[in-house]
Amino acid sequence: MGLIAFLKTQFIVHLLIGFVFVVSGFIINFIQLCTLILWPISKQFYRRVNCRLSYSLWSQLVMLLEWWSGTECTLFSDQAAVDKFGKEHVIIILNHNFEIDFLCGWTMTERFGVLGSSKVLAKKELLCVPLIGWTWYFLEIVFCKRKWEEDRDTVIEGLKRLADYPEYMWFLLYCEGTRFTETKHRISMEVAESKGLPKLKYHLLPRTKGFTTAVQCLRGTVSAVYDVTLNFRGNKNPSLLGILYGKKYEADMCVRRFPLEDIPLDEKEAAKWLHKLYQEKDALQEKYNQEGIFPGQQFKPPRRPWTLLNFLFWATILLSPLFKFGFGIFASGSPLLILAFLGFVGAASFGVRRLIGVTEIEKGSSYGNQEFKKKK
């Protein structure tokens, strides 16, 4: 094992990476708070500034995938679609099967220059999560409780605010509503059977309200819908902890572009279109499982140096005073100061682990079990 590979497995290195991410995140959140004074002066300037600030935080996670673990991301698409990537407002539909599916999506947005302006329809609980939820708040992310009766007006209002967004925006939708598990899949297919809908093998039944509302509210702003089906070679199930330990994965993403004018205006017809799309996604997963490849031309967008340079910038600023402070604590010989410092390290470790836990499948929400409870 080489020195670099050895360092990637060391807890103290992980803690330092986490320290840089967390502290820089709080600094970025504070700067974002200060930018609120820009909103009444120039809303669009406020938005452009916050796109850059959010990029400075999210790109640190992308750096882990691209440069730390060396994970490869291959696109399967066609040249006409790829030529439009990063040059139009779009809605992204991505399957929600893996702990790092969001990170693979962010990697693609970074390579096409729209990471800072990427959006998502997020559960409201994340608004209380430091760094993640707070950064999204300043980015005008649309939060929902996932109870349509309560969410409808909030979601519509939030989407309409994005109609004049000044930077190219990729709006991510997890139409399944929650991450795939065997239990949720069984319950979802029972619901499909009760409603007379086609069963899916690799996906949960899509929730259509968020999709149809997004299409209606962003029509005239968004040019297309990108359907993204993600899988990992070797039938691997990667985790964020695996990325942190430097494990390399190979992600394959089948991307299909659908012009927005091809999606029906009528809500019921648009919902049917989405159900048909998920049947096609299921067929794509089946093909991948059988042949180990998606259809379409292969593209490997080159990684850019900015994610690495951004992390090195924050690491230089934050780790130098940390090392000086730690050395001074131990040089003092004071048991009280040393214990306090070790307590701080322990608390930081716990905080980083909790942030990582947000992505873990077994820590996922119980959303998806509600339909089963209604049936009972």
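The values are calculated or read from the model by the stated rules, or taken from the named source; none is laboratory data. Treat the numbers as computed from the prediction; the structure is a model and nothing was measured. In this analysis, Cβ positions are derived from the backbone assuming ideal geometry, glycine residues included, and neighbour counts consider all displayed protein chains. Note: accessible area is taken over every heavy atom of the protein model, side chains too, but ligands, DNA and RNA are not part of it. Shrake-Rupley method; radii C 1.70, N 1.55, O 1.52, S 1.80 Å.
In the range 191-287, the portion of solvent-accessible area held by carbon and sulfur atoms comes to 50 percent [1.4 Å probe, whole percent, DNA, RNA and ligands not counted].
With N counted as the residues of the chain, its alpha-carbon radius of gyration over 2.2 N^0.38 Å works out to 1.03.
With only the Cα atoms considered, the range 108-150 has a convex hull volume of 78 Å³ per residue.
Can I get the semi-axes of the range 134-179's equivalent ellipsoid? Compute them from the C-alpha gyration tensor as square roots of 5 times the eigenvalues, in angstrom, largest first.
Over the Cα atoms of the range 134-179, the semi-axes work out to 19, 14, 11 Å.
Length gained on full extension, Glu269 to Glu149, computed as 0.36 nm times the residue gap minus the Cα-Cα distance: 41.1 nm. The modelled label-to-label distance for the pair Ile12/Ile31, using points 7 Å beyond Cα in the direction of Cβ, is 3.0 nm.
The candidates Asp227, Asp164, arranged from most to least accessible area with a 1.4 Å probe in the full protein assembly, appear as Asp164, Asp227. Rolling a 1.4 Å probe over the protein heavy atoms gives the chain an accessible area of 48 Å² per residue.
Placing a label point 7 Å from the Cα of Leu312 along the Cα-to-Cβ line, the residues of the range 46-72 whose backbone N sits under 18 Å from it are 56-57, 59-70.
Beta bridges from DSSP with both residues in the chain: antiparallel share about 40 percent, rounded to the nearest 5.
Projecting the Cα atoms of Phe294, Leu64, Thr208 onto the charge dipole of the chain, computed from C-beta unit charges around the Cα centre, puts Leu64 farthest toward the positive end. Taken about its Cα centre, the range 145-187 carries a charge dipole of roughly 260 debye when the Cβ of each Lys and Arg holds +1 and the Cβ of each Asp and Glu holds -1. In terms of accessible area, using a 1.4 Å probe and ignoring ligands and nucleic acids, Val82, Val23 rank largest first as Val23, Val82.
Its Cα centre serving as origin, the chain has a Cβ charge dipole (Lys and Arg +1, Asp and Glu -1) of approximately 540 debye.
So what's the projected area for the range 228-316, the Cα convex hull averaged over all directions, in nm²?
Over all viewing directions, the range 228-316 projects a mean Cα-hull area of 8.9 nm².
Accessible surface for His275 stands near 40 Å², nearest 10, in the context of the full protein assembly shown (1.4 Å probe). Using Cα pairs under 8 angstrom and six or more residues apart, how large is the relative contact order of the chain, in percent? This gives 27 percent for the chain.
Computing FRET efficiency as 1/(1 + (r/R0)^6) for Ser334 and Asp164, where r is the C-beta to C-beta distance and R0 is 41 Å, gives about 0.10. Only helical runs count toward this figure. For the chain, summing -39,500 (n - 2.57) over DSSP H runs of n ≥ 4 and dividing by all residues gives -17000 deg cm²/dmol at 222 nm. Only protein heavy atoms count here; under a 1.4 Å probe, Leu127 has an accessible surface of about 50 Å². In this simple spin-label model, placing a label point 7 Å from the Cα along the Cα-to-Cβ direction at both Arg48 and Glu190 gives a separation of 5.4 nm.
Ordering Pro259, Trp273, Leu240 by the projection of their Cα atoms onto the charge dipole of the range 240-304, which places +1 on the Cβ of Lys and Arg and -1 on the Cβ of Asp and Glu, puts Leu240 at the extreme positive end.
Placing +1 on the Cβ of every Lys and Arg and -1 on the Cβ of every Asp and Glu, with nothing else charged, gives the range 26-136 a dipole about its Cα centre of roughly 620 debye. For the range 1-116, the gyration tensor built on C-alpha atoms gives an oblate shape. Its axis ratio a/c (a ≥ b ≥ c) is at least 1.5, and a/b is not larger than b/c.
For the range 97-234, the Cα gyration tensor yields ellipsoid semi-axes of 25, 19, 16 Å (square root of five times each eigenvalue, largest first, whole Å). Partners of Lys236 within straight-line reach, counting lysines whose Cα lies under 22 Å from its Cα and excluding those fewer than 8 residues away in the same chain: Lys8, Lys184, Lys201, Lys247, Lys248, Lys281, Lys287, Lys300, Lys363.
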